[in-house]
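These notes concern the structure reproduced below.
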Amino acid sequence: MASLSASLSHFTCISNTSLQYENNKIPESQYHPFALLRRFNSLRKGITLPQRRESPSTGICASLTDVSLDLTVEEKQLSKGESWSVHKFGGTCMGSSQRIKNVADIVLSDDSERKLVVVSAMAKVTDMMYELITKAQSRDESYISSLDAVLEKHSSTAHDILDGENLAIFLSKLHEDINNLKAMLRAIYIAGHATESFADFVVGHGELWSAQMLSLVIRKNGTDCTWMDTREVLIVHPTSSNQVDPDYLESEQRLEKWYSRNPCKVIIATGFIASTPKNIPTTLKRDGSDFSAAIMGSLLRAGQVTIWTDVDGVYSADPRKVSEAVILKTLSYQEAWEMSYFGANVLHPRTIIPVMKYGIPILIRNIFNLSAPGTKICHPAVNDNEDKANLQNYVKGFATIDNLALVNVEGTGMAGVPGTASAIFSAVKDVGANVIMISQASSEHSVCFAVPETEVKAVAEALQSRFRQALDNGRLSQVAIIPNCSILAAVGQKMASTPGVSATLFNALAKASINVRAIAQGCSEYNITVVVKREDCIKALRAVHSRFYLSRTTIAMGIIGPGLIGSTLLDQLRDQASVLKEEFNIDLRVMGILGSKSMLLSDAGIDLASWKELREEKGEVANLEKFVQHVHGNHFIPNTALVDCTADPVIAGHYYDWLRKGIHVITPNKKANSGPLDQYLKLRALQRQSYTHYFYEATVGAGLPIVSTLRGLLETGDKILQIEGIFSGTLSYIFNNFKDGRPFSEVVGEAKEAGFTEPDPRDDLSGTDVARKVIILARESGLKLELSNIPVESLVPEPLQVCASAQEFMQQLPNFDPEFAKKQEDAENAGEVLRYVGVVDVANKKGFVEMRRYKKDHPFAQLSGSDNIIAFTTRRYKNQPLIVRGPGAGAQVTAGGIFSDILRLASYLGAPS
């Protein structure tokens, strides 16, 4: 056995020497492993080796043959050009007998004059072949049963798609190949080792069998077809980087010789496999079948290369991360190259090189969806109207690379010192690390680059060692490692020279509260690369994709307080959801609903048509911290908003922390803005400093634009002198109906029955709610007042303020009707009406709440129902105040005001305005 192993090793290591046998020189083309093995076995047995057999007329042969011309065969010159179309079908496309039939149908339906079809091994077969090598090397005898499984897979497939003579021919060659592989694997088993060329030869059989079967299926349909063992044609030079470089000149000559002996209009060629210049079998490494198709397309100067796969084309982003990703109609070679480099499932960059030289377009199509037009990769048109249509088309797609770390080398001693960068990357090269991205400030103070996390420890140690003296002497301050990073790349032809692209990109990231750790942009103008935290990667991807492609601006929402106002808001969201999606590209997903006792959570969005039933069935114990984490923790949605529909000061106390985390807050809850002044000032300062939004329009006028009107006046340079208004819908209703001799208690009871008041009417009559609205507007106007600074005239008689219940209060209120009647009578006699108002006196820096009398022709005297009215007296509107009037109470209008804030948030986040 030792002698056999040594002999096998000797034969597999032959390189430049010629093997002599019976004084006949064996051609170098027969140095491939199987030929050597056959000759080795023949020498051992002492038998005469028969001459190599020519390929039968069917064109089926599983071994690599000499490419020397047989002069007895009539030569036919290869005609190159656009009459050729090249197709490539991967393992998924060739995965079963039915799929092979589908491939044949596609080939037959192509009306090109000449066709060359590159095929991979059947699905999983390449892995099965590698497993054979692994088992044989490990002296695991189960390689025999594994080889039987390979035989069975191909034999059963052949029985499904072939019959008669074609079936017999294929099965004969299949069994011959399997027997030869058994002998070879046995030798590997004995030696316990297989050279790379042995492994490549074994693995390549999957492509051989696929090509033979497909060619016979096509011939069965009456079409002239042959198959090509591309090891006879494609010559490549292995490199040190686990890649190969095609020898185009030699391959072209061999292709012409091959075609002169096998002229045919349909050629089925093996993908993935090739030969070295010494005719040793090898492979094209990663994505080898795509590479084969591109090389063959280049050699033929084909009109088009079509890569058939299982997706509809190249997406603008990974559809598993961005559900709104779209199929790109066209990509330039450079765009496809860039997207491939940054991890997009397009093509390996080297696949593009052969066809780019001759401007041959590559078409990516879905074999399972023939109606999809696919993506065309080609030179960009000179006058591409599509690309000039709008800004989004300058950015074609987005791709990400995860599991990276940033290495930052910095120090004042680097500036202006030649060779520093060279020394840094020389150290990185010495440890074999792959640098993904480099960023260097023009000051030369620091060099930052990204490497895979698995390599960063070795890189850091190498740099620490190389620059030990510089670090000790202070010329370098540090070699810092920032782990848990991801790269996001935006790719597009000439996008960097288009004003606004970079600004839009970084604006989208900022609005999604994404911190950018490093930036790189090459002068080629094909990509802008940013480094972000790994946990922010998907969120960042969705944010920028949404901004450029105007896909649905998706907001993950949590509704706190599903009471009267909250449930009304949920109904409004339900009714408008489809309209917002289809017409305005806004996707509002309620991820959670939190009540005082229970909450309902969802990962995809709650069905608002049945949220009450779902809360009963699937609700869990209310937990505010878990609720917020759930709504905000969904990285598939870049934007998060919490809508507080309560009047709870505890909930309001969390706003600052939520805003700091990048959560937008929308609320009608007045407690935050009317609470302690320092807390209000902190909220507003945070709001101004970040891209996180805090909207509270409904805190003052329900659905009326009071706060936004005030801000508009201030932002345009107007000066507020006074704000006066009827801010309470409840009190507006009471005083609008307190006339014609009606008792005050009767009107209050009527308002309570109609649902205008709080359960305890004293909450409305006390004036505290109006005072909160006054303090909010005062602070918005620039006054630094506390709620305690606002004098309030309470409408609750002092003796009734201590009533134990609302019922007791209502029972005793009639006792005070004469007092209210006297005030109303005095106003009536003076031609006036009573109104309960709040006033912000900006000029005198004060505010107050009181009952006032107004002439009957005053706007405040002409209200009806529960309307609110606010008058802004400003420098511009001094003689004639600016009036805002409308419904100021009720769940519908308040919920509508909240909804309006939600839509305003969507507009700020990129939805069409």
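In table form, for the structure just shown:
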item	result
Sole residue being open to solvent by less than 40 Å² (accessible area, probe 1.4 Å) and modelled with pLDDT of 90 or more, chosen from PRO281, PRO349, PRO277	PRO281
Residue list for the range 190-201, restricted to those being of a type in the set (A, V, I, L, M) and crowded, with 24+ Cβ neighbours inside 10 Å	ALA194
Condition met for THR226 (open to solvent by 10 Å² or more (accessible area, probe 1.4 Å), closer than 19 Å to ILE268 by Cα and modelled with pLDDT of 95 or more)	yes
Identity of the residue in the range 449-471, outside any helix (DSSP H, G or I) and open to solvent by 20 Å² or more (accessible area, probe 1.4 Å), that ends up farthest from THR412 (Cα to Cα)	PRO452
Test: residue in the range 490-505 that is in contact with a Pro (Cβ under 6 Å, 6 or more places away or on another chain), of a type outside the set (A, V, I, L, M) and either open to solvent by 20 Å² or more (accessible area, probe 1.4 Å) or modelled with pLDDT of 90 or more (or both)	yes
Check on ALA123, surrounded by 22 or more Cβ atoms within 10 Å (Cβ to Cβ), farther than 21 Å from GLY222 by Cβ and either touching a residue at least 40 places away in the same chain (Cβ under 8 Å) or under 38 Å from the mean Cα position of the chain (by Cα) (or both)	no
Number of the condition not met by ALA194 [criteria: (1) among the hydrophobic types (A, V, I, L, M, F, W, C); (2) in a helix (DSSP H, G or I); (3) touching a residue at least 40 places away in the same chain (Cβ under 8 Å)]	(2)
Residues satisfying the stated conditions in the range 854-913, i.e. part of a loop (DSSP other than H, G, I, E, B) and within 30 Å of THR504 (Cα to Cα)	LEU909, GLY910, ALA911, PRO912, SER913
Residue among GLY662, GLY701 that alone is on the phi > 0 side of the Ramachandran plot and open to solvent by less than 30 Å² (accessible area, probe 1.4 Å)	GLY662
All strands (runs of 3 or more DSSP E) inside the range 541-607 with 2 or more residues being under 25 Å from VAL326 (Cβ atoms), open to solvent by less than 40 Å² (accessible area, probe 1.4 Å) and in contact (Cβ under 8 Å) with a residue 12 or more places away in the chain	553-560, 586-594
Residue selected from the range 716-746 under the condition in a helix (DSSP H, G or I) and farther than 18 Å from GLU793 by Cβ, by the criterion most open to solvent (accessible area, probe 1.4 Å)	GLU746
Which numbered condition ILE481 fails, given (1) in a strand (DSSP E or B); (2) open to solvent by 60 Å² or more (accessible area, probe 1.4 Å); (3) closer than 23 Å to ILE663 by Cβ	(3)
Output for the range 236-269, where each listed residue is open to solvent by less than 40 Å² (accessible area, probe 1.4 Å), of a type in the set (S, T, N, Q) and in contact with a strand residue (DSSP E or B) (Cβ under 7 Å, 6 or more places away or on another chain)	SER251
Given (1) of a type outside the set (Gly, Ala, Ser); (2) closer than 19 Å to GLN334 by Cβ; (3) modelled with pLDDT of 90 or more; (4) open to solvent by less than 60 Å² (accessible area, probe 1.4 Å), index of the condition ASN408 fails	(2)
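Yes or no, residue by residue, for (1) surrounded by fewer than 17 Cβ atoms within 10 Å (Cβ to Cβ); (2) within 21 Å of LYS670 (Cα to Cα); (3) in contact with a helix residue (DSSP H, G or I) (Cβ under 7 Å, 6 or more places away or on another chain); (4) of a type outside the set (Val, Ile, Thr):
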{"position": "GLU798", "(1), (2), (3), (4)": "yes, no, no, yes"}
{"position": "VAL840", "(1), (2), (3), (4)": "no, yes, yes, no"}
{"position": "GLN862", "(1), (2), (3), (4)": "yes, no, no, yes"}
{"position": "ASN868", "(1), (2), (3), (4)": "no, yes, yes, yes"}
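Table: residues versus (1) in contact (Cβ under 8 Å) with a residue 60 or more places away in the chain; (2) closer than 30 Å to ILE538 by Cα; (3) not in a strand (DSSP E or B).
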| position | (1), (2), (3) |
| --- | --- |
| SER340 | no, yes, yes |
| PRO354 | yes, no, yes |
| TYR358 | yes, no, yes |
| ARG365 | no, yes, no |
| LEU370 | yes, no, yes |
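The values are calculated or read from the model by the stated rules, or taken from the named source; none is laboratory data. Note that the coordinates shown come from a computational prediction; the quantities given were computed from them, not determined experimentally. Glycine also receives a Cβ, built like all others from the backbone with ideal geometry; neighbour counts cover every protein chain displayed. What goes into the accessible areas is simple: the full protein's heavy atoms, side chains included, and nothing from ligands, DNA or RNA. Shrake-Rupley method; radii C 1.70, N 1.55, O 1.52, S 1.80 Å.
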